[in-house]
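Data block below; observations after.
Just so it is clear, none of the values below were taken in a lab; they were calculated from the coordinates. The shown structure was predicted, so the numbers you read here are calculated from the model rather than taken from an experiment. Neighbour counts are summed over all protein chains in view; Cβ atoms, including those assigned to glycine, are modelled from backbone coordinates with ideal geometry.
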Amino acid sequence: MIVVVAEQQRGKLHRASWEVVAAAQELAGDQPVDAVVIGANPAEAASELSQAAVRAVHVIDSPLLEPYTPDAYTAALDQAIAELKPSHVLLPHTYRTRDFAPTLAARLNRGLVTDCVGIKPGDKPTFLRPTYQGKLIAEVAVEGDVPHFVSIQIGAYRGDSAKRGSTAAPINTVVVSLDASAIREKPEEPFQEAKQAVDLSQAERIVAVGRGIKAQEHIALAETLAKTLGAQLAASRPICDSGWLPMERQVGSSGQTVAPKLYVALGISGAIQHVVGMKGARTIVAINKDADAPIFEIADYGIVGDLFEIVPALIAELEKT
Amino acid sequence: MRIAVCIKQVPTREWQPRIDGTRRGVREQDASFEMNEPDAYALEEALCLREKHGGEVVVCTAGPARASQVLREALARGADRAIHVEDERLSSVDAFVVAGALADAVREEKLDLVLTGLQSDDQGAAQTGVILAERLGLPHATIVMDVQVQESSVRVKRELEGGWFQWVQMPLPALLTIQSGINQLRYATLKGIMAAKKKEIRKVVLAAPAAAPRVRVVSLDVPRKTKQTQMLTGSPSEAAKGLVRKLKDEARVLA
């Protein structure tokens, strides 16, 4: 049996949970897929997930699971897994999963494959995951006793392709015992740094810069291209870390998620942390000196070369018309 | 306070990995190596905490002989001493084995804080630090953007998804995985490089039998294209002209 551990926040299901259901259904073959929903009163999320073609939805409900802490989640899932005895446990590769799943797998001395983008099902399934900043794909097998743990990269599967059931799946309760004094982490309320003055998610066109821009004074070149195209200026994480552009212009897993009609990536290699934030763009243009940069795998149009020669030529060409 | 920083030696970011004859590894002989970038931020954070609170910074790695170069680099930037769990097999094992080896090496160190980068630039499993916390019995926080050490606890700013953050407090000792960009990196000075030559790198032998890896690479491949990319070639002005035409006539994203 395969278990999907869904992620939810105050009853609202994380959209990646449906993507993990799709991955689990692909892995399962004839085996049943069950879902686990964990939190404080996560009934609404459980009810949404019961629409999936799963055998059952198991709810772990405790006030000690809100707010999220790795200690409480690990203790609760450890007990649920002992009861359900799955062969595989699939999770979305979210920041939260990254925080507790290695603890859980290590406590059970089991293997965990993180950031999985594809599955080869079978008696001994294997999993595909990016390595070397996405420049290579590794096919990996998990050794040792089950359950094996697998986290699925966000966006690797389509949530809407997850099979829905003809009737709602039964919702069970898994009773776990949690000790408040054993929870060592004391979280405060989540907050946003500053009001996002720039809403890149609404932009029709975006020009984004990455490490290839090399120096702060070259940002002006990208700015000129953005102005010529009527585009918003955005950046990958290292540019914002360096303070060359404000954090509010960052696109990627730790920044904004965008879906413009046109996305022009200048000197962006295409590390997955950036790509998850922009791969929904309709037309992607990549300009990069490295012909092997992963950005070219998702680009519609590519130019290999020196952006300091190509961008001025592009601005000149656009100004002609 | 005594702070351990776990660092990994990885191929440089610019390196284009080529798959070796076994198709399970890369041609390391072609690579040059550097300190894993998030680990460099973890080291910097440890050095800043030592400046503020006093104490000692111990850098640790579990890797083959070549990895001692990043320990030397860390000592030159200001770390006090180093521990190297040295074994050639450590270049091709999973986070489960590396974390176990690091735990054995630092268990007796009476640490207040263990820092490491949130993930490695090569394998990118994002597991070593979290497993290490479990092996040492420490509370942990991942993807940390700020560290405030208090009397017997630490308050850290965790990065959540989509521009959200959260402060979390936990008792010391604790393990934190550090996000790139938390601070401004310092580089080694000539004085630091000279001083590093006199600092200790303690070699530790990997316990035999070492834990068996849980994740094994079956094969490596280059990613398959999910989209048909049209490459525009020629001189910069020819490529630019070709691109503008495509964006107007084919993609219809320009008027």
With charges only on Cβ, +1 for K and R and -1 for D and E, what is the dipole size of segment A:212-317 about its Cα centre, in debye, rounded to 20? 340 debye
Shape of segment A:205-321, Cα gyration tensor, a/c cut at 1.5: rounded
So if we plug the beta-carbon distance of B:Gln184 and B:Lys110 into 1/(1 + (r/R0)^6) with R0 = 35 Å, what FRET efficiency do we get, rounded to 0.05? 0.70
So, in Å, what gap is there between the alpha-carbon centers of segment A:78-117 and segment B:9-47? 27 Å
In whole Å and largest first, what semi-axes does the C-alpha gyration tensor of segment B:93-185 yield when each eigenvalue is scaled by 5 and square-rooted? 21, 18, 10
Can you give the translational diffusion coefficient of segment B:1-105 in µm²/s, computed by Stokes-Einstein from the Kirkwood radius over Cα pairs at 4 °C and 1.567 mPa s? 89 µm²/s
Segment B:1-108, relative contact order in percent, only Cα pairs under 8 angstrom and at least six apart counted: 28 percent
In whole angstrom, largest first, the equivalent ellipsoid semi-axes that the Cα gyration tensor gives for segment A:264-321 are 21, 13, 8
Kirkwood Rh over Cα pairs of segment B:140-209 into Stokes-Einstein at 37 °C, 0.692 mPa s: D in µm²/s? 215 µm²/s
Using alpha-carbon positions, the gyration tensor of segment B:110-159 gives root eigenvalues a ≥ b ≥ c; with a/c under 1.5 called rounded, otherwise prolate if a/b exceeds b/c, else oblate, the class is oblate
Once Lys and Arg get +1 and Asp and Glu get -1 on their Cβ, which of B:Ala207, B:His140, B:Gly129 lies farthest toward the positive end of the dipole of segment B:124-255? B:Ala207
Okay, helix-only estimate at 222 nm for the protein assembly as shown: each DSSP H run of n ≥ 4 adds -39500 (n - 2.57), divide by all residues, round to 500 deg cm²/dmol; what do you get? -8000 deg cm²/dmol
Let me know the charge dipole size of segment B:20-119 about its Cα centre in debye, to the nearest 20, where only the beta-carbon of Lys, Arg (+1) and Asp, Glu (-1) is charged. 100 debye
A:Ala220/B:Arg224 FRET efficiency (R0 51 Å; Cβ-Cβ; nearest 0.05): 0.85
Equivalent-ellipsoid semi-axes of segment A:15-81, from the Cα gyration tensor, Å, largest first: 22, 13, 10
For A:Lys120, counting only lysines whose alpha-carbon sits under 26 Å away and dropping same-chain residues fewer than eight positions off, the answer is A:Lys85, A:Lys135, A:Lys163, A:Lys279, B:Lys225, B:Lys227
Normalising by the residue count of chain A, find the relative contact order in percent from Cα pairs under 8 Å and 6+ residues apart. 15 percent
For an R0 of 51 angstrom, estimate the FRET efficiency from the Cβ-Cβ distance between A:Met1 and B:Ala195 and round to the nearest 0.05. 0.30
With equal scatterers on the alpha carbons only and no solvent term, can you work out the Debye log10 of I(q)/I(0) for segment B:41-149 at 0.23 1/Å? -1.62
Output the Kirkwood hydrodynamic radius of segment A:1-48, Cα pairs only, in Å rounded to one decimal. 10.9 Å
Computed for the protein assembly as shown: size of charge dipole around the Cα centre, +1 on C-beta of each Lys and Arg, -1 on C-beta of each Asp and Glu, debye to nearest 20, value 800 debye
Can you pull the one-decimal nm distance between simple spin-label points at B:Glu151 and B:Arg202, each 7 Å off the Cα toward Cβ? 3.1 nm
Euclidean distance between Cα centres, segment B:201-241 to segment A:279-321, Å: 22 Å
What does the convex hull of the Cα atoms of the protein assembly as shown come to per residue, in Å³, rounded to a whole number? 157 Å³
Taking a temperature of 10 °C and a viscosity of 1.306 mPa s, what whole-number D in µm²/s does Stokes-Einstein yield for segment A:178-235 with Rh from Kirkwood over alpha carbon pairs? 107 µm²/s
Enumerate by residue number the trypsin sites (Lys or Arg not before Pro) in segment A:278-312 meeting two conditions: DSSP loop (anything except H, G, I, E, B), and at most 15 other Cβ atoms within 10 Å of the site's Cβ. A:Arg282, A:Lys289
Taking the reciprocal of mean 1/r across every pair of different Cα atoms in chain B, the Kirkwood radius in Å is 20.2 Å
For A:Leu318, what is the net charge nearby, where nearby means another residue's Cβ is under 12 Å from its Cβ and Lys, Arg count +1, Asp, Glu -1? +4
Relative contact order as a percentage, chain B, C-alpha pairs under 8 Å and 6+ apart, gives 23 percent
Once label points are set 7 Å from the Cα along Cα→Cβ at both A:Ala316 and B:Thr12, what is their separation, rounded to one decimal in nm? 3.2 nm
Taking a ≥ b ≥ c as the square roots of the eigenvalues of the Cα gyration tensor, with a/c under 1.5 meaning rounded and otherwise prolate when a/b exceeds b/c and oblate if not, chain A is prolate
